[in-house]
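Notes to accompany the following structure.
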Amino acid sequence: MKRIVLVSGSSNPKLASRISQFLDVSLVDPQLVRFANGEIYCEIEKNVRGADVFVIQSTSSPVNDHVMELLIMIDALKRASAASITAVIPHYGYSRQDRKASPRTPISAKLIADILTAAGATRVITMDLHASQIQGFFNIPFDNIYASPVLLEYIRAEIFNDNSIFVSPDAGGVERVRHYAKKLKADIAMIDKRRTGKNVAKAMNIVGNVEGKECIIIDDMVDTAGTLIEACRALKDNGATKVYACATHPVFSNPALERIAGAEELDRIIVTDTIPLSPEGELIDKIHVLDTAEILAKAIHRTFNNDSVSSLFL
């Protein structure tokens with residue numbers, strides 16, 4: 001008889017708890033502890049022999065600690081004779097290092113893929129990869145679930161109107177924006193930007209007419225928010241009446257929260273709970289968080305039952 005087991009790491013316990021509630025399956029405590037020198041130790045508290053195990057862990061800040069936790073949990077489960085081990089990674093860390101952008105640099109996204117597989121993961125489920133080609137780095141099944149149904153529902157109900165236009169913050173995000181615009185039958189625009197350094201970008205030109213429009217910027221993540229605020233400023237300078245931003249992953253590295261709170265050009269930012277907000281972030285009224293637990297729970301349930309998850313890719 002097939003048996004499902006849910007294990008949660010320390011990166012996002014609230015999201016894991018809500019997934020557990022949707023599935024009506026209790027969470028197993030991996031008993032993660034740290035020795036005095038920082039080494040991570042794990043002991044799974046429940047028998048998992050022959051079970052299909054789903055390990056829920058975002059590789060968010062502190063990224064390296066959470067990656068090591070995930071690897072150690074997977075290794076413990078493999079040695080405990082789990083039948084399968086699916087790594088459910090709502091936010092896939094190192095996803096921006098997906099190619100050699102300059103000489104003598106790593107492809108860290110591929111390295112993470114290799115060590116997850118070596119540790120014993122038999123499948124990976126993630127949400128809104130920064131670069132779709134990362135799926136090809138794996139030799140095990142890989143499902144990239146989209147947060148767009150959750151975001152679209154909020155946009156349609158709360159901010160979209162006949163005067164709205166969707167905006168891509170760069171050329172690489174046009175396809176993502178086109179998907180949203182097609183669903184709501186709206187126009188699109190794009191910001192031509194130049195990156196001058198790591199986490200540093202300067203918005204240059206607006207491709208498309210945003211004068212008198214309510215702009216909705218669509219991106220996969222917000223890190224330091226420098227690019228986002230620059231984009232908002234450029235849109236307002238070109239006649240936009242309101243600027244909203246939607247992003248799946250609220251990385252929010254310093255000084256993102258300070259920039260968002262102080263940016264008069266940004267009316268509201270909508271994110272999901274793939275990465276938990278800090279207590280400081282929860283105090284900022286213009287940040288609105290959407291729940292992804294249901295869609296991730298559906299992916300887990302369908303995977304466990306060998307059902308199709310293709311409808312979750314849309």
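Using just the alpha carbons, could you tell me how many Å³ per residue the convex hull of the stretch 148-290 encloses?
Output value, Cα hull per residue: 97 Å³.
Based on Cα contacts under 8 Å between residues 6+ apart, the stretch 148-290 shows a relative contact order of 19 percent. Computed packing ranks the peptides 264-272, 31-39, 226-234, 175-183 as 226-234, 264-272, 175-183, 31-39, most packed first, by mean other Cβ atoms within 10 Å.
The relative contact order of the chain comes to 14 percent, based on Cα pairs under 8 Å that sit 6 or more residues apart.
Calculate the dipole size of the stretch 1-149 relative to its Cα centre from +1 charges on Lys and Arg beta carbons and -1 charges on Asp and Glu beta carbons; express the result in debye to the nearest 20. Mind dumping the intermediate values first?
Details: 15 positive and 13 negative charges, 60 e Å.
Magnitude of the dipole: close to 280 debye.
Taking 8 Å as the Cα distance limit and 6 or more residues as the minimum spacing, I'd like the relative contact order of the stretch 38-133 as a percentage.
Relative contact order of the stretch 38-133: 31 percent.
Computed as a quarter of the hull surface, the mean projected area of the alpha carbon convex hull for the chain stands at 16.9 nm².
Near Thr241, once Lys and Arg are set to +1 and Asp and Glu to -1 for all other residues with Cβ below 14 Å from its Cβ, the sum equals -3.
By counting other Cβ atoms within 10 Å of each Cβ, how are His91, His66 ranked from fewest to most?
On the way: His91 28, His66 21.
Ascending number of Cβ neighbours within 10 Å: His66, His91.
A simple spin-label model places the labels of Met1 and Arg156 4.0 nm from each other, with each point 7 Å out along Cα-to-Cβ.
When the stretch 148-290 is described by a simple charge dipole with +1 on each Lys and Arg Cβ and -1 on each Asp and Glu Cβ, the residue from Tyr154, Gly173, Tyr244 located farthest towards its positive end is Gly173.
So if we plug the beta-carbon distance of Gln21 and Leu184 into 1/(1 + (r/R0)^6) with R0 = 22 Å, what FRET efficiency do we get, rounded to 0.05?
Values: r = 31 Å, r/R0 = 1.39.
Result of the calculation: an efficiency of 0.10.
Given their separation in residues at 0.36 nm each and the Cα-Cα distance between them, Ser81 and Glu258 gain 59.0 nm when the chain is fully extended. Taking Cβ atoms as reference points and 9 Å as the exclusive limit, the residues near Gln133 contribute a net charge of 0, counting Lys and Arg as +1 and Asp and Glu as -1. The charge dipole of the stretch 148-290, taken about the Cα centre with unit charges on the Cβ atoms of Lys, Arg (+1) and Asp, Glu (-1), comes to about 460 debye, rounded to the nearest 20. Full extension of the chain segment joining Glu45 with Asn305 gains 91.1 nm, where the gain is 0.36 nm per residue of separation less the Cα-Cα distance. Relative to the Cα centre, the charge distribution of the chain, modelled as +1 at Lys and Arg Cβ and -1 at Asp and Glu Cβ, gives a dipole magnitude of about 880 debye.
For each of His301, His130, count neighbouring Cβ atoms within 10 Å of the residue's Cβ, then give the residues from fewest to most.
Details: His301 17, His130 20.
Ordered by Cβ neighbours within 10 Å, fewest first: His301, His130.
For the chain, the longest principal axis of the Cα atoms and the long axis of helix 293-304 meet at an angle of about 40 degrees. Solvent-free Debye calculation, one equal scatterer per alpha-carbon of the stretch 99-210: log10 I(q)/I(0) at 0.10, 0.12 Å⁻¹ equals -0.44, -0.62. Think of the chain as a dipole: +1 on every Lys or Arg Cβ, -1 on every Asp or Glu Cβ, centred on the Cα centre; then among Gly93, Val5, Pro103, Pro103 lies furthest on the positive end.
Every read-out reported here was derived from the displayed coordinates using simple, explicitly stated rules and does not represent laboratory data. What you see is a predicted model; the values in this text were computed from it and never measured. Here the Cβ is made from the backbone with ideal geometry for all residues, glycine too, and neighbour counts use every protein chain on show.
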